[in-house]
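For reference, the structure discussed in these notes is given below.
The values are calculated or read from the model by the stated rules, or taken from the named source; none is laboratory data. Computed from a prediction, not measured in an experiment: that's the story for all the values here. Virtual Cβ from ideal backbone geometry, glycine too; neighbours counted across all protein chains shown.
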Amino acid sequence: MVSTSDLSKTLNSNLANLIQENVSINSTAFESGETRALVGSKTECALIQLTESWTSFSLSDLRHRYPITQVFPFSSERKMMSTLIQLPDTHYKFRLFVKGASEMVLAKSTQVINLNSQELESLEFEGNEKSKTEQTIMEYAGRSLRTIGLAYVDIQLSEKQISMYGSIDPQEQSEFWTNWLYNNKSDDPSDQLVWIGVVGIEDPLREGVVEAVKACERSGVVVRMVTGDNVLTAKAIATQCGILTPGGIVMEGPKFRELSDHEMNKVVPKLQVLARSSPQDKMILVKKLKALGHIVAVTGDGTNDGPALKSADIGFSMGISGTEVAKEASSIVLMDDNFASIVKAIMWGRMVNDSIKKFLQFQLTINFSAILIAFISSVISSKNQSVLSVVQLLWVNLIMDTLAALALATDVPDDDILDRPPDRRDAPLITDTMWKMIGCQGLLQTIMCFALLYGGRNLV
């Protein structure tokens, strides 16, 4: 592992510029405002800030110097992003910058940059050298670092390709590059990359996440991690924050998708970490958990998370980093992007549910007592009149509605509310215990009212 300060000293200027161009041009991050603050993915911003620590530069000026020919956005299938530029002062020579999941980029690299040369030269990348790089990636991942692989390849069009490229409409050039660079054939340039290196980015746990996971466990809520990160990185982070427990299953998305329905029924209850996953994997997991009778809440911030957020019983989107699509698909927007806020939502949800039950029990008890008193007193009265007048009933109704509404609106949850399992999906709003309390309290109040009505004078 090489630190940021040591890295700037060991790189020659050509290689430093190459890395700077890769992370700056092959990126969706951009500068905003007079302060030129970076806006975009935290990973991409971190990579740009890494190269800014070597030398100050303008992101917009650099991109203006190298106009982009074609962008191949990051996808959950490829796990990488690529950007094609035409090199200045060359005859149809292009450079493809690649950045993405380290093991995916490494698998497509056939050469490695020569660190001993002052020029951009490459060597064969195989055998012992490639194994050492794989070990480095595993070491980084085991330390909870997100590993990003950087690579590139220079492409010189042949005369035939130049003639073809020059004759097609600019709007069709995108299809030309897609068909040639990603045609899944032996001459696919994207499978003959030059490996630059791997960057380990630490994404520290937010303050309070470990406590929030423990609180969820206390309240009977099972937390599962679904991430696109390397399985070792995901496992290390899940262990660090308390999601992965002894006996829990860690699985990669492609393997999860291949499971039969019967196998999923066995795996899903114990599945705690799903790494290298796609939005489709998250969708499959949500549907399977619901099919098994669980109440499912999903968090997400990307456009691709929309289907899973909609399919879940409750969708939580991020208010700061979340896309508009994710926010529209979700039920609740976390304005601070903090997992701990989900625990607060659980507490308030249970508090509202409990308050409604208390309100119903109070109202039904009063109404049950009033009905019994009015009915019995009318039957035994010689004038067939109730002991409760209309004004009295209105007064009782005014008092009980006002006080009950105040209690419903002002009650706040405490930590003890988490010390119980969640209610079942089919749990009745009025439980058997509540019915017993309503009946007993209603009869007791009725008996006391009649005792005071007919025997009250004897007590004076």
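Quick notes on this one:
- Looking only at the range 278-323, residues that are in contact (Cβ under 8 Å) with a residue 60 or more places away in the chain, more than 11 Å from the chain's Cα centre (by Cα) and farther than 15 Å from residue 222 by Cα come to 2 in all.
- Only one of 296, 333 that is in contact with a Leu (Cβ under 6 Å, 6 or more places away or on another chain) and modelled with pLDDT of 90 or more: 296
- Members of the range 342-373 that are among the small types (Gly, Ala, Ser) and either on the phi > 0 side of the Ramachandran plot or buried (at least 17 other Cβ atoms within 10 Å of the Cβ) (or both): 355, 369, 370
- For residue 448, the conditions (1) out of contact with any Cys (no Cβ under 9 Å at 6 or more places or on another chain); (2) touching a residue at least 60 places away in the same chain (Cβ under 8 Å) are fulfilled apart from (2).
- Within the range 410-443, if we keep just the residues that are without any contact (Cβ under 8 Å) to a residue 60 or more places away in the chain and β-branched (Val, Ile, Thr), the residue that is farthest from residue 361 (Cα to Cα) turns out to be 410.
- Selected residue (criterion: nearest to residue 285 (Cα to Cα)) from residues of the range 222-242 that are in contact with a Phe, Trp or Tyr (Cβ under 9 Å, 6 or more places away or on another chain) and of a type in the set (S, T, N, Q): 230
- Which listed residue, of 32, 13, is farther than 24 Å from residue 135 by Cα, surrounded by fewer than 18 Cβ atoms within 10 Å (Cβ to Cβ) and either modelled with pLDDT under 80 or not assigned by the TED database to the domain that holds residue 140 (or both): 32
- Filtered by the rule that a residue be under 21 Å from residue 348 (Cα atoms) and either polar (S, T, N, Q) or not in a helix (DSSP H, G or I) (or both), the range 382-417 gives 410, 411, 412, 413, 414.
- Exclusive hit being surrounded by 13 or more Cβ atoms within 10 Å (Cβ to Cβ), in a helix (DSSP H, G or I) and not assigned by the TED database to the domain that holds residue 218, set 449, 440: 449
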